[in-house]
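**Q** Mind looking over this structure? Questions follow.
The values are calculated or read from the model by the stated rules, or taken from the named source; none is laboratory data. Because the structure is predicted, anything quoted here is derived from the model rather than measured. Virtual Cβ from ideal backbone geometry, glycine too; neighbours counted across all protein chains shown. Each accessible area value is taken on the protein alone, full model and side chains, heavy atoms only, with ligands, DNA and RNA left out. Shrake-Rupley method; radii C 1.70, N 1.55, O 1.52, S 1.80 Å.
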Amino acid sequence: QAGALSFQELQVDSVTSTAGVKFDRLDDGSYRAKGAQADKATFTIKARTSLSGITALRLETIVDKALPKSGPGRADNGNFVLTGIELLAGKTAKLAKADRVKLVDAAEDYQQGGFPAVNAIDGSGKTGWAVGGGVGRSHQALFRLAKPLSFKGERRLEIKLDQQYGKRHTLGRFRVLVGTGDAGDLREAPGDP
């Protein structure tokens, strides 16, 4: 259909973390956490794009035999809880709170009861998106921007993935893409990861 959401990878400059977590970049453009097994952590993806009219973010959480129960999380049971996701966008690598882009809606292809993806943008930091009951499979969540991100030339993006719930409920392997097109009702279009 015309104007359907389509996604593309970002040019990632760095993926860093609090709590000593390190990352391997894999051939498909995803990142796998390694090193410190943190109870709580924030992952920060610094990237750039020349894509204009960005309407959505897609977070893919990917199974991997290197993770407990094949993941996609690092908890002993393979789960994760994403308590927050934040997007900053600006012309320079030094982004500040003023560069924050509002996220207003979310949808997922799977959720643990009471842990839908919209919890990751409610600002509470207490709840989040989780996939208990669906571990050992890849999942994805979509997040809609309040208004399309339009600009000329290249823009720097910073995506923060906050994981502040329980013990070791952090992402094991993931990839973030940006989307253009109609993000009006995300529940129509999660598609396949």
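**Q** On the basis of being under 24 Å from Lys91 (Cα atoms), within 16 Å of the chain's Cα centre (by Cα) and open to solvent by 50 Å² or more (accessible area, probe 1.4 Å), does Arg48 make the cut?
**A** yes
**Q** I need the full set of residues from region 29-60 which are out of contact with any helix residue (DSSP H, G or I) (no Cβ under 8 Å at 6 or more places or on another chain) and more than 25 Å from Arg168 (Cα to Cα), in order please.
**A** Across region 29-60, the qualifying residues are Ala47, Arg48, Thr49, Ser50, Leu51, Ser52, Gly53, Ile54, Thr55.
**Q** While we're here: Sort out which residues of region 1-24 are buried (at least 17 other Cβ atoms within 10 Å of the Cβ), in a strand (DSSP E or B) and in contact with a Gly (Cβ under 7 Å, 6 or more places away or on another chain), and write them in order of number.
**A** The answer is Phe7, Val21.
**Q** If you don't mind, another one. Residues of region 79-126 being hydroxyl-bearing (Ser, Thr, Tyr) and either modelled with pLDDT under 95 or open to solvent by less than 50 Å² (accessible area, probe 1.4 Å) (or both), which ones?
**A** Thr83, Thr92, Ser124 - these are the residues of region 79-126 that are hydroxyl-bearing (Ser, Thr, Tyr) and either modelled with pLDDT under 95 or open to solvent by less than 50 Å² (accessible area, probe 1.4 Å) (or both).
**Q** Which numbered condition trips up Gly73, out of (1) buried (at least 19 other Cβ atoms within 10 Å of the Cβ); (2) over 13 Å from the mean Cα position of the chain (by Cα)?
**A** That leaves (2) as the condition not met.
**Q** Which of the residues spanning region 127-165 are under 18 Å from Glu86 (Cα atoms), open to solvent by less than 10 Å² (accessible area, probe 1.4 Å) and assigned to a loop (DSSP other than H, G, I, E, B)?
**A** Residue satisfying the conditions is Gly128 alone.
**Q** Take the residues in region 25-44 that are open to solvent by 50 Å² or more (accessible area, probe 1.4 Å) and in a strand (DSSP E or B); name whichever of them is farthest from Val176 (Cα to Cα).
**A** Checking each candidate, the answer is Gly35.
**Q** Would you tally the residues in region 76-99 being within 13 Å of the chain's Cα centre (by Cα) and assigned to a loop (DSSP other than H, G, I, E, B)?
**A** Total satisfying the criteria: 2.
**Q** Let me ask another. Quick one: in region 166-187, which of the residues that are assigned to a loop (DSSP other than H, G, I, E, B) and open to solvent by 50 Å² or more (accessible area, probe 1.4 Å) is modelled with the lowest pLDDT?
**A** That would be Asp185.
**Q** Has region 142-162 got at least one residue that is under 24 Å from Gln37 (Cα atoms) and over 14 Å from the mean Cα position of the chain (by Cα)?
**A** Within region 142-162, not a single residue is under 24 Å from Gln37 (Cα atoms) and over 14 Å from the mean Cα position of the chain (by Cα).
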